[in-house]
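To start, the structure itself, in structure tokens.
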Amino acid sequence: MSVITSYVMTSWSEIKTLQANWNTLLEQSDADNIFLTWEWMESWQKTCPYETQLFFIVLKENNKPIAIAPFYIQPYRLLNTLTYQVLRFAGDQGIGSEYSNFIVRKHDSIKLKTQLWQTLLLKQASFHWDLIWYTNVSTWTVGGQSLLKSLAQVPELNTAARDVDFANTDLTLLSDQLLPALSKSLRTNIKQTKGYLTKHGKWQVTCCEDPNLLSTALNKLFELHNLRWQKAGLKGSFQRRPEMASFYQDFAHKALQKGWLRLAELTCDGETQAVQIGYVYRDQFFALQEGFNPEFQKGTGQVLRYHMMQQCIEEGLTDYDFLGQYTNHKRRWLAKQRHGQHLLIWPNKIKNTLFNFLTIWPTGKYLKPTH
């Protein structure tokens, strides 16, 4: 009879021993997505702030990993007085990760996810943490549902949930041509902008496939993204979070090698005017970031999105996933709203008593990260 052994891994050297089995386990799990791949995790670890405390829970059977819960520890302070050690999902901030989940052997998914939650309560793990802030759970998927079911089977863990929305366009419902499916106003905008571009000069949409040109193309994305937000009097994501730019530079090279990367540029007269980056994984396109020149022709970013979405249809992809936050802009691109959850989880400790009576989220003014 095989025995399942649990481990708490807090150093990257320990976690790196999982590399050979990581993606194989992920691919047969009920939560297979690009944000859980070894490549994504490795790039996150390489580019996250040096003081980040890793905290991975691993179950092994016959010395082979069968379940992985990747966390890190971030200190928070309540009312600027009491310090809490909060477990957060690896990669959940700074780089754009979505769809947090555990990676487990599929045929006994709920059982293994339950065991991972229970392992967090064992003495070897429990004294390291006070709360769990678990974000962006895809509750409409089998993997998201099994995560919630497993959590419900551990009564020692209390839970508060907050709804969060996502946006996704189902490409299987569209014909070979995207344009006729769009609203009249959006069709007109795209056609008129194409006409304006033609008047400006020769224009084209290309995807970066040369690793030697990749860093330059990414820097153009960062530049145009920042320009777009500066025009609105704000700082762009790459300006606010330099680690995001470092992550993109590292991961994009791996993604290009794996065939996942889609980094598209719209150029006019040899000048890049709009850039969009996303990744294709399991026949789905995940749209991550975009940028466009706010001083150039209005609507150029729309034309680039149209070409990218049309390319996704031609590739036979099933979804164009806009990821978090359903907006009117995404609705115009035929996106439907999906409902997920953020979870705040806490065990019955004396210092957690307040959470049994008040809903205090680690995104408000009372409970804040210390760095």
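Here are a few things to note about the model shown:
- Considering Q145, Q118, Q93, the condition of being buried (at least 16 other Cβ atoms within 10 Å of the Cβ) and in a loop (DSSP other than H, G, I, E, B) is satisfied by Q93 alone.
- The range 215-235: number of residues that are over 15 Å from A274 (Cα atoms) and either under 23 Å from the mean Cα position of the chain (by Cα) or outside any helix (DSSP H, G or I) (or both): 5
- Where strands (runs of 3 or more DSSP E) fall wholly inside the range 276-371, the ranges with 3 or more residues that are within 30 Å of S126 (Cα to Cα), modelled with pLDDT of 95 or more and not assigned by TED's automatic domain parsing to the domain that holds F222 are 336-347.
- Of S43, S100, all but one fail to be in contact with a Phe, Trp or Tyr (Cβ under 8 Å, 6 or more places away or on another chain), closer than 22 Å to K254 by Cα and part of a loop (DSSP other than H, G, I, E, B); the exception is S100.
- Positions within the range 115-138 being among the hydroxyl-bearing types (S, T, Y) and more than 25 Å from the chain's Cα centre (by Cα), in sequence order: T119, S126
- Qualifying residue in the range 43-59 (condition: buried (at least 18 other Cβ atoms within 10 Å of the Cβ) and more than 22 Å from the chain's Cα centre (by Cα)): yes
- Those residues of the range 193-210 which are assigned to a helix (DSSP H, G or I) and surrounded by 12 or more Cβ atoms within 10 Å (Cβ to Cβ), in sequence order: T193, K194, Y196, L197, H200
- Unique match (being surrounded by fewer than 19 Cβ atoms within 10 Å (Cβ to Cβ), touching a strand residue (DSSP E or B) at 6+ places or on another chain (Cβ under 9 Å) and hydrophobic (A, V, I, L, M, F, W, C)) among L304, L266, L344, L354: L354
- Among the candidates A232, A217, residue that is among the hydrophobic types (A, V, I, L, M, F, W, C) and modelled with pLDDT of 95 or more: A217
- Among the conditions (1) in contact with a Gly (Cβ under 6 Å, 6 or more places away or on another chain); (2) farther than 20 Å from S43 by Cβ; (3) surrounded by fewer than 19 Cβ atoms within 10 Å (Cβ to Cβ), R241 misses just one, which is (2).
- Single unsatisfied condition, R187 versus (1) of a type in the set (D, E, K, R); (2) loosely packed, with under 15 Cβ neighbours inside 10 Å; (3) in contact with a helix residue (DSSP H, G or I) (Cβ under 8 Å, 6 or more places away or on another chain): (2)
- A search for C-beta distances below 6 Å between a residue of the range 1-12 that is in contact (Cβ under 8 Å) with a residue 40 or more places away in the chain and not assigned by TED's automatic domain parsing to the domain that holds Q45 and any residue that is surrounded by 13 or more Cβ atoms within 10 Å (Cβ to Cβ) and small (G, A, S), counting only pairs 6+ apart in sequence or on different chains, returns nothing.
- Among the residues of the range 27-36, the one identified as buried (at least 21 other Cβ atoms within 10 Å of the Cβ) and either of a type in the set (F, W, Y) or without any contact (Cβ under 8 Å) to a residue 40 or more places away in the chain (or both) is F35.
- Residue that is nearest to M309 (Cα to Cα) [pool: residues in the range 148-166 that are touching a Leu at 6+ places or on another chain (Cβ under 7 Å) and surrounded by 13 or more Cβ atoms within 10 Å (Cβ to Cβ)]: F166
- With respect to the conditions (1) of a type outside the set (D, E, K, R); (2) under 30 Å from K149 (Cα atoms); (3) modelled with pLDDT of 95 or more, L261 lacks only one, and its number is (2).
- Some residue of the range 189-198 being outside the structural domain of D92 (by TED's automatic domain parsing) and of a type in the set (D, E, K, R): yes
- Applying a threshold of 7 Å to beta carbon distances and a minimum spacing of six or more residues, or different chains, the list of pairs starting in the range 94-121 at a residue that is more than 20 Å from V154 (Cβ to Cβ) and of a type in the set (G, A, S) and ending at one that is at pLDDT below 95 and in a loop (DSSP other than H, G, I, E, B) reads G94/C48; G94/R241; S97/G91.
The values are calculated or read from the model by the stated rules, or taken from the named source; none is laboratory data. None of these values were measured; they are calculated from a predicted model. All Cβ positions, even for glycine, are placed from backbone atoms using ideal geometry, and neighbour counts span all protein chains on display.
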